[in-house]
Amino acid sequence: MSWEKELIEKANEIIDLYPEKRSALAPLLYLAQERDGYISDESIVEISNLVGITEVQVKSVASFYSMYKEEQTGKYLLSVCKSISCEINDSRSVIDSVKEFTGLENYETDVDKVFTFEEVECIGACGGAPAVQINYETVEGLTPQKSIELCEWLKEEKPEVVVAEELQNMFGGVKSFDWAINDNTGSSYSVPGFQNIGTAKEKRI
Amino acid sequence: MTDKITINVNGSEISTEPDQLIIEACEDSGIHIPRFCWHKRMDPVGMCRMCLVEIDTPRGKALVPSCTTKVSEDLIVDTESEVVKKAQEGVLEFLLINHPLDCPVCDKAGECPLQDQTMAYGPGESRFVEDKRHFEKPIPISEIILLDRERCILCARCTRFSDEISGDPLIEFIQRGNKTQVNTFPDEPFRSYFSGNTVQICPVGALTSTSYRFKARPWDLKKVSSTCNCCSVGCSVELNVSQNKMLRILGEDNDFTNQGWLSDKGRYNFEYLHSDKRITLPLLIDSSTQEVSINESMDLISNEIFSHKKSSVSFIVGPNSTNEEYFALNNFVNDLKEKNDNSENINIYFSDDYLYKGFFENQEKLGEIKDLDLADTIILWSQDIKDNLPTLYLRIKQAVKNGKKLLIFGHTNTAIKELTEHYFGEEIINKNFEFNVEISEIPDLEEFILDKNVVAILGKSSPIQDVEPITELFQYLNEKSNLKVLNAFSKGNTFGALQNIDCVKGLNEFVNEFDESKRNLVFTIGANPVNNSVLSKKIKDRLIMSDFVVALDMFLNETTELANIILPTTSYGEKEGTVTNLEMRILKQNKILPVPGSALSDWEYWSMLLNKIDNEKLFESEIELNSLMCDEYIDKEILPSFENLNKPQNLDGILNFKPINIEIENINLINLEMLFVHRLYGDSSSQINSPSISMLGSERFIEMNYATYFGSYMLNNDVVTLTQDDVSIQVNVYINDSLPDNLIIIPINRRGFQNLDPQKKVELEVANSREQLSVS
Amino acid sequence: MKETLLLTKHMREFPENSHKIEIYENNNGYDALKKVLKEGNPENVINEIKDSNIRGRGGAGFPTGVKWGFLAEDEDRYLVINGDESEPGTFKDRILLERDPHQLIEGIIITCFASNIKKAFIYIRGEYAKPARRVQDAVEQAYEKGYLGKNILGTNFSLDVVVHLGAGAYICGEETALLNSLEGKRGEPRLKPPYFPAVMGLYNKPTLVNNVETISSVPWIINNSGKEYSKLGVEGSTGTRIFSLSGHINNPGNFEIEMGKSFGEFIDTFGNGIKNDKSVKAYIPGGASAPWFTGDQLDIKMTIDDVANAGSMLGSGAVVVMDEDTNLVYAAKSIVSFFAHESCGQCTPCREGTTWLEMILERIASGRGRLSDVSLLIDICDNISPGLSWPPKMTTICPLGPSAVSPITSLLDNFSDEIMNMLPTKIPIAQ
Ligand SMILES: Cc1cc2nc3c(=O)[nH]c(=O)nc-3n(C[C@H](O)[C@H](O)[C@H](O)COP(=O)(O)O)c2cc1C
Ligand code: SF4
Ligand code: FES
């Protein structure tokens, strides 16, 4: 299904931010992912028309970056870090327990489309190893037990917006630093919850 | 000319152009540096790392890719040091760990740089004990190209070619790192006029052609250089033959013309040579069709010619004969005129709707393709360049990439609109190809041409068009700029015909001069004017009215159907001769295939007929013809003799010039409703008898702008029935918003369209279902 | 040993709302900008930066003032802030983005003023969702308050800033890959030459690429002068740096200190010792690309040059400590596998070599090693980084490939018995 009118308008606003259309590819791919939970072929066609490159060029770029998904993700994208600081702080056990709880292997999504599980490289939370991200909201200082509780909670509560601080307080442990205190913003799908253009639109040059 | 500089390679001094890459400088001095990704006609990417060499730097020796590093005065390069060897062996091993061991079944084996370099530099035994990367084995990525991703070494040659050179980036890298693979978008096949080039430049067997797959081993191939006759660019090619079958055509790098590239038409249009539909014996058509001997057929024809001295004799020649053949025909016709009482009734007509007088008067104004590289501005008013002179399109594209400005006039060439600085369409030129404004008033024109180096590629956009405006443009440019002109006749050896035939007329003249009251004898020579021309219907009527028709052809077609005698002829590859390209460069065609059955080349027929007029005269051979032809050249220094042209250094041919005489009237109609254009692929006999590409010319479609489509006809389906009088055809509709309102583009080289009248409106009606679309 | 708070001052004082513009403004925020605009002399700004001797905080340690001086003339020039921070062990830019975005924005405006740039991009890795939101909000506020946009603070200097998210590719931290990425292309590093960003950068226009921490230092330097800054730290490594400390540490975190102290002192003072009172077996001094030091090398000084002389690099300022119980084969495997995953794939030695190394280590770790594997590992490394020297020589386009070599040489140079112990002791009889 082709893109809705509002989405195309938004896409065009984003395109206008850049000196060259093609630069808007990354944010447009996020729009696509927010809409469908992955980069669908229809969105690729749409984006290729919007920025004036071929479909396969869009696909080539999209597939280069690991945050653009080829298959539809679940409501919660569980990204467990396995890079060096987490690795030596036993992220393996966290990975194993999340896998066991969800029954998912790397990059898999459950049939109910609740969880997608992935092992990821460093998410910049090394001080709070082992760390995870839920829809790119970080939770640090996990234990295997706490990671299961976190999944259980998500499964039961099904929050629309995932708020890092809330999760950290409930399930996290040691933190990289005192981040985001009293910050109740969060992400609502497997894309960083982030608006490219805001109120300052008119004030731009 | 810049001063040369000296560099030191492996202890010896070599002299090189400044600004060259190390790999090129070494190559020119005979030092080969192994490489996979580098290709001299594309921007370097330095990806494969096979070409690493050591250079001396202020901070000691450094390992650098020779394909991205430029030479500098006194640079010291080592291409053979231990470090270099180790690095190259390392790269090779890396490339091989994931490369399948399927050389025994690979088309590339025997001419595979990876295979060769493994022999030369490679490790003995594999130290890789893990699983190789696996992909689905060859997948078709278009009708004619297959992709085997397991064999791919990710050199980015194909992706760069399609992006940088041909400008249709439909093949790309997908994924990253070790998962990287080349691929197309699922619903967007690699449909490019130039896709075959990627097969040729792929250093391994990852990209293959359906037509060549499993057909031969390189060591079984006989090879000869020649010149393609698909269009008048005159691309240098290498013909590859095994067991007397043409199996493959490769592009040869001729800096003057194609720089190694070919269109897919030029590359794949050869299977017809071995079609069992070819005519191999003369056919006599009375009440029935019967095979006759060559001698019988010659007797019959000479009898027809000489027993009626007042006959009008017309020769309709096609574009695929050699210069020598046109020369022989011209000689025969001149002798015939002498013999015949009414010489004005003996005429040669050239079978190309686009023919007009052209701009030949002033020899210094005639440009070369190379001039595109030196121009400031390129002006294009002609038929669709991408469809009709495809490799010239690549040169234009390259020139634009290098900063030349392209200005387009007319309603064709919309496919290359994105390359233009200015597209002078509807606002400047009306539907009938007349200027809406004074040329001098055209906004943004003067600044691009005034005192600039301008190359104008000029020709008719469509068979039916007034050429006056083009002439006006020519005169304006001639006045204001330093002008070079390329006459954009696109068919095969048109320029050879123009050079070697004393007077060439057009199809329109044939139609108009035809005098029913006379006895009419018509020869068609490698031409099928009953199809493919806007005048087809009228020509057909004339042929029916003729008393005797002789058709020289390879296949039965709409024209041979009306003949009394059909003489089997030969094709490129089966004869030796020269051809002349659109810059008047003479290039060699070589023979590598035997002639099928009793077929003869045109010249042999002319020779025999000449002999009938005057039994003193007979052309003995192509060589003799060539030397007779050379005798007529003014400049004896640079003769286009076989001997000269066969020298490798003369691969590019010799520029020479003989006066040209085209006697032609304008086909000047007004109120155009339809614009006839010629597409690269059509349903010519050669293409439909070449199975690998026959389907590419089968679709029937029309193009129009959005307003015409929705505004006038309120359609919402892309398959329509097109009706005019008693003609009714189902076609696909494509939107092309560069077109003026209410003008419909029709591909004239697809069957079914010839009977439309360009001045009358057509009715469009939504077809019931897609299935009805007939694809023949 | 104490922290010296230049860049992390606000966030220490206002743990809850240092990211808010009011807090920033009330604490000398945007004063440096006002000062610079009032003086109206771009040259002076560049001179202050040169005087400070600050070297880039992105990893390569290139003198920032010199880089600014290279910027070629052109009507269109760009500033691109490198906030791609993805080097394992590193999380110092995250704190600057999340906790003090206005400091960065002020730095950007001053930098652009100094170099006559009218468009800047802040490229933040996609996984930094919250930091990116905060920066975006801060940019909006800065527009509202007239620090960005047309005629900044009434002067005729104008500037637009766009926050751009990456999408999961470490290689986009490499500056030319980052520019490709920002142009909507695959994040593949470009060839140098000709693509030196200061000459041919974004859209082939002259472009400054600087790290978040580098540019965040600009307001302090302007407020306090380059001279003052250069007095901090030691010669060649002036100023403070935010070090990210992680691994087997009691108190991990980001600590801003003057350069010049020893790693041992740093780890003891701020890390509060090793977890469970273990000893240090090895540590990484500057992010995953850097060769490791052993527990015996804790007295190396934390300066760019000292670390380089000892055969590694201060890199991104990430210190990862591995205690005596760490399985270093696993550790090396984790790092190699990171680089294999993040290889862009364009050049052969990196694309094929890193994956091959990963496969071999994987095999060894799962008990299927072969005796020949050690020499094979060394030879593959040698084919990626000839001579295995430091700084690395490379057969690759960019330093990512050779980065995968560091952990292996580190392992084999100092801890070869760890890997030998995982290999079969007897040559197995051919099966
Ligand atoms: C593989 C690779 C990854 C890099 N990653 C980063 C990064 O995440 N952040 C960063 O600021 N610089 C990174 N750099 C360094 C940048 O290329 C560049 O030197 C830096 O952004 C310049 O800023 P600076 O001069 O302020 O340090 C990386 C370099 C390489 C080779
Ligand atoms: S070294 Fe690796 S990351 Fe760098 S260009 Fe080569 S393949 Fe890409
Ligand atoms: S030929 Fe130079 S890197 Fe490939």
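Just a few scattered comments:
- Reducing region C:228-251 and region B:2-26 to their Cα centroids gives an inter-centroid distance of 48 Å.
- No Cys partner within the rule (Cβ under 4.7 Å), chain A: A:C122, A:C126, A:C151
- Net dipole in debye of chain C [+1 Lys, Arg Cβ; -1 Asp, Glu Cβ; about Cα centre; nearest 20]: 560 debye
- DSSP bridge orientation in chain B - percent antiparallel, rounded to nearest 5: 55 percent
- Cα point-scatterer Debye curve for region B:281-382, base-10 log of I(q)/I(0) at q = 0.13 Å⁻¹: -0.73
- Looking at the protein assembly as shown, the pairs of alpha carbons with a distance over 45 Å make up 50% of the total.
- Net +/- balance of residues flanking B:V733 in space, Cβ distance below 9 Å, scoring K and R +1, D and E -1: -2
- Compactness of region C:1-134 was expressed as the Cα radius of gyration divided by 2.2 N^0.38 Å, which yields 1.09.
- Taking one quarter of the surface of the C-alpha convex hull of region B:24-82 gives a mean projected area of 4.4 nm².
- Cα convex hull, region C:63-198: 117 Å³ per residue, rounded to a whole number.
- With N counted as the residues of chain B, its alpha-carbon radius of gyration over 2.2 N^0.38 Å works out to 1.01.
- Note on chain A: GNM, Cα springs under 10 Å; of A:P19, A:P27, A:P159, the largest mean-square fluctuation is that of A:P19.
- Region B:206-284 and region A:91-109 have Cα centres lying 57 Å from one another.
- Dipole magnitude of region A:76-196, debye to nearest 20 (Cβ charges: Lys/Arg +1, Asp/Glu -1, about Cα centre): 140 debye
- Once both labels are positioned 7 Å from their Cα atoms along Cα-to-Cβ, the gap between B:E561 and B:D741 label points is 4.0 nm.
- Local net charge near C:I257, Cβ-Cβ under 14 Å (Lys/Arg +1, Asp/Glu -1): +2
- Sites C:N27 and A:V161 - FRET efficiency at Förster radius 51 Å, r taken between beta-carbons, to 0.05: 0.95
- Projected onto its three principal axes, the C-alpha set of chain C covers 82, 46, 35 Å, listed from the longest axis down.
- Largest GNM mean-square fluctuation across C:K119, C:K130, C:K92, computed for chain C with C-alpha springs under 10 Å, falls on C:K130.
- Estimated [θ] at 222 nm from DSSP helical runs (n ≥ 4, -39500 (n - 2.57)) normalised by residues in chain C, nearest 500: -12000 deg cm²/dmol
- Normalised Debye scattering of region A:5-64 at q = 0.14, 0.22, 0.28 Å⁻¹ gives log10 I(q)/I(0) of -0.31, -0.80, -1.31, counting only Cα atoms as equal scatterers and leaving out solvent.
- Loop-located GluC sites (Glu not before Pro) in region B:405-450 (DSSP state other than H, G, I, E, B) with a sparse environment of at most 11 neighbouring Cβ atoms within 10 Å: B:E438.
- Model label sites at C:S225 and B:E479, defined 7 Å from Cα along the beta-carbon direction, differ in position by 7.2 nm.
- Check: region C:233-323 dipole with +1 on Lys, Arg Cβ and -1 on Asp, Glu Cβ, in debye: 280 debye
- The residue list C:S406, C:P424, C:V135 was ranked by how far each Cα lies along the charge dipole of chain C toward its positive end, using unit charges on Cβ atoms, and C:V135 comes out on top.
- Kirkwood radius and radius of gyration were both taken over the C-alpha atoms of region C:233-323, and their ratio Rg/Rh is 0.93.
- Pairs over the 27 Å Cα-Cα cut-off, from the set A:K201/C:K20; B:K222/B:K647; B:K538/B:K617; B:K277/B:K575; A:K82/C:K67; A:K175/C:K261: B:K538/B:K617; A:K82/C:K67.
- Rg over Rh for region B:350-493 works out to 0.92, using Cα positions for both radii and the Kirkwood form for Rh.
- Centre separation in Å (Cα based) which lies between region C:147-187 and region C:391-409: 28 Å
- When the protein assembly as shown is described by a simple charge dipole with +1 on each Lys and Arg Cβ and -1 on each Asp and Glu Cβ, the residue from B:G459, B:P758, B:A87 located farthest towards its positive end is B:A87.
- Here the translational diffusion coefficient of region C:328-420 follows from Stokes-Einstein with Rh set to the Kirkwood radius across Cα pairs; for 20 °C and 1.002 mPa s it amounts to 168 µm²/s.
- Chain A - convex hull of alpha carbons, volume per residue in Å³: 138 Å³
- Of the residues C:S237, C:I284, C:G264, the one whose Cα sits farthest towards the positive end of the charge dipole of region C:233-323 is C:I284 (charges of +1 on Lys and Arg Cβ, -1 on Asp and Glu Cβ, taken about the Cα centre).
Bear in mind these aren't lab numbers, they're just calculated from the coordinates by the rules spelled out. What you see is a predicted model; the values in this text were computed from it and never measured. All Cβ positions, glycine included, derive from the backbone under ideal geometry; neighbour counts span all protein chains shown.
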